[in-house]
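Note sheet for the following structure.
The values are calculated or read from the model by the stated rules, or taken from the named source; none is laboratory data. Bear in mind that the values here come from a model prediction, so they are computed numbers and not experimental data. Positions of Cβ are backbone-derived with ideal geometry, glycine not excepted, and every protein chain shown enters the neighbour counts.
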Amino acid sequence: MARKARAALCYATLGVGALALIYTAIVRPIAAETLELRVKRDGVSARVASLRTEVDGLAAEIDALENDPWFIERRLRSEARFLRPGEALEAPSPPQAPRPIEAPRGG
C-alpha cells in the first residue's frame, strides 16, 4: 500500500510540476503579450478618434470653400492679406518708448 501512495504522490508532484512548466512557458508570456497589445490598441484607438475629428473639420472646411463665398473672402483676407478695391491696409502704429520713472520730489 505504501508503494501505491508513494507512486500517487510522485505522479501528483509530476502533474503539479508540469502545470507550473506550462504556466511559465506558455500562459504567462501570452498574458504579458495580451496586456501589451491592449495598451497598443488603446493608443491606436485614441489616434483614430483624433484623426476622425480632424477629418470632420477638414470636410466642413471643404464644404465651406465650395459653397460659402464669405468664408472664402475671410480666408483670403486673413491668409493672403486680400483687400477689396479701394481698401487700404492699416499699418500698426510703432510702439512707444516707455517714459522714465521720476523720483519723488520733496524734502
Check your understanding: What pairs can you find where one residue is in the stretch 47-61 and surrounded by 10 or more Cβ atoms within 10 Å (Cβ to Cβ) and of a type in the set (Asp, Glu), the other is assigned to a helix (DSSP H, G or I) and at pLDDT 95 or above, and their Cβ atoms are less than 7 Å apart, with a gap of 6+ or different chains?
Key -> none
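Within the stretch 84-92, is there a residue that is of a type outside the set (Gly, Ala, Ser), at positive phi and in a loop (DSSP other than H, G, I, E, B)? First the steps, then the outcome.
Start the filter on the stretch 84-92 by keeping residues that are of a type outside the set (Gly, Ala, Ser), which leaves 84-85, 87, 89-90, 92.
Those left that are additionally at positive phi: none.
No, the stretch 84-92 has no match at all.
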Revision key, fill the gap. Only one of (1) surrounded by 10 or more Cβ atoms within 10 Å (Cβ to Cβ); (2) modelled with pLDDT of 85 or more does not apply to residue 83, and that is (2)
Practice item. For residue 36, indicate whether it is surrounded by 10 or more Cβ atoms within 10 Å (Cβ to Cβ) and either under 29 Å from the mean Cα position of the chain (by Cα) or among the β-branched types (Val, Ile, Thr) (or both). Key: yes
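Look through 31, 64 and report the one residue that is touching a Phe, Trp or Tyr at 6+ places or on another chain (Cβ under 8 Å), of a type outside the set (Val, Ile, Thr), part of a helix (DSSP H, G or I) and surrounded by 10 or more Cβ atoms within 10 Å (Cβ to Cβ).
Working: 31 fails: touching a Phe, Trp or Tyr at 6+ places or on another chain (Cβ under 8 Å).
After applying the criteria, what remains is 64.
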